[in-house]
Every structure is written in C-alpha cells, then in structure tokens.
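The values are calculated or read from the model by the stated rules, or taken from the named source; none is laboratory data. Values in this document were obtained by computation on a predicted structure and should not be read as measured data. We place every Cβ from the backbone using ideal geometry, glycine too, and count neighbours over all the protein chains shown. Keep in mind that these areas ignore ligands, DNA and RNA; they rest on the heavy atoms of the full protein, side chains included. Shrake-Rupley method; radii C 1.70, N 1.55, O 1.52, S 1.80 Å.
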Amino acid sequence: MSLIAFDFDGTLSDSEMTVLLGEKLGVADEMADITERAMNDELSYAESLRSRAELLTGLSEADADDAYSEVVLRPGAADVLDRLREAGHTVAIFTGGFERGVAHALDDAGTEVDHIVANALPIEDGELTGEVTGPLIEGTKDDQLEALAGDLGVDMDETVAVGDGANDLPMLEVAGLAVGFEPKPAVEPSCDDVVSTMAELGDLLESRGVLSAAVDNS
C-alpha cells in the first residue's frame, strides 16, 4: 500500500477556486495575479491566501455556493483516483483551497478520496468575512504528508506527491515520487517526473508499479 497525495487547484482541477469566487465580486483579475505570483514563489502562500480572502469580504453565501458549484475535476481525474483506491492505496488531497469546492467537485464526478486537508472561508450573517482558516495557511504539505504516512505506517519512500505550484514544493521534496502536473518553472526542478494530462499520470503510475496496467475491455 502506498499513500498518494494530490494538490487540487491546478492539479486535480484546472479550476482556481479563489478566481471563481472573485468573479462574483468583480475581483477575479486581482485574484489571478496574486495566485500567479504565489505559485511562482514570488510571495508567501500565506500572504497570498490572506490577500485573496480579504478581496472576498462581503461575498454572499449564495454567490459563494454558486462559485463552488463551478469547480470540476480534470478529465480523467476521477478514473485515476478510483483506480488508486481500488488498488488499495490511500488517496489524500492537500489543498490551500476550500473544502466545499473540493467536496462538490468529487461528488459531481462520482468519486471520493480517503483524506481531505483544506482551508475554509468563514461566513457571518450570510457573507464571507474576508478571513481564511485552516491547516494549510501557515502549515505546509510536507508536514501533512509525513503525519498521514506515519499514521498509516507507510514509509516515506512509498509515498507519491502530485502538484504544480510553489506551495506543493514541500511535499514534492519529501515524497518518494514527486510528480509535477504542468508544474510552474520554480517547481519543475524538484519533480522526478512531469505530466500534462491525467492519462499521462495513469501511464506514469503504471510504469512506476503503483498501478497495474488498465484492462481494455473494448
């Protein structure tokens, strides 16, 4: 059994949750700029996340729910998740994004994972407060990966991390296999392999012995 940890925004999904939320208030361009700077390691992730959350002050809960409903998995992502779990592996999502968006995307795709570690945008009086809470603001994904691996009794050499941005670097650097999904330039040097589609990821995991070859029933 292995532990496979995925980033969400930019990896399992090409949706950027804060941008979708920002569109509801007309601040999506500012969101995207902050996100890009953070993913390229030009400013700290915590600083970028708090800045983006602040831009969402006053967004109604209904509009936030509408934005979360637009979050979807990449083509083929559900198949990879299902195959990993059917093979007996533990699958986790570690994201600085928001649990409600992740949960919607998984449910919409008819799939699930074993662990989700995500942040949240608090709501008061039916509106976002402009604050953000959760374990992945100051906390890092390597700590999450190491803690979960320890709980499961999985050696770190047997772990796989899949991500794309600077906040994924900590878990990519400690995982047994580091896979970049269309990684940012600052991230690619820390990746053992790079893929650009979920089909490529499936093939890579087969070549690495994490998955058995898919059976063609056609």
Debye, to nearest 20: dipole size of the chain, +1 on Lys, Arg Cβ, -1 on Asp, Glu Cβ: 260
Using modelled backbone amide H atoms (1.01 Å from N, in-plane), which distant-in-sequence or interchain residues come within less than 5 Å of residue 13's amide H? 74
Starting from the Cα of residue 120, step 7 Å along the direction of its Cβ; do the same at residue 14; then give the gap between the two resulting points in nm. 3.2
From phi via Karplus (6.51, -1.76, 1.60), per-residue ³J(HN,Hα) for region 172-181 in Hz, x at Gly/Pro: 5, 6, 9, 6, x, 10, 9, 10, x, 9
Starting from the Cα of residue 72, step 7 Å along the direction of its Cβ; do the same at residue 107; then give the gap between the two resulting points in nm. 1.8
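On a 1.4 Å probe surface of the protein chains, which of 104, 89 comes out largest in accessible area, and what is the full order?
On the way: 104 60, 89 25 Å².
Final ranking, largest accessible area leading: 104, 89.
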Spacing of the two label points (7 Å from each Cα toward its C-beta) at residue 33 and residue 65, in nm: 3.3
Given charges at Cβ of Lys, Arg, Asp, Glu: the chain dipole, positive-most of 212, 45, 133: 212
Answer with a single label: of [x] 17.5; [y] 16.7; [z] 19.1, which was calculated as Kirkwood radius over Cα pairs in Å from the structure in view? [x]
Could you give me the ³J(HN,Hα) list for region 148-160, computed from phi with Karplus coefficients 6.51, -1.76, 1.60 and θ = phi - 60°, whole Hz, x at Gly and Pro? 5, 4, x, 4, 8, x, 9, 5, 4, 5, 9, 8, 10
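Could you work out [θ]222 nm for the chain from helices alone, using -39500 (n - 2.57) per DSSP H run of at least four and dividing by all its residues? Round to the nearest 500 deg cm²/dmol.
Working: 9 runs with 87 residues, N = 218.
Computed mean residue ellipticity for the chain: -11500 deg cm²/dmol.
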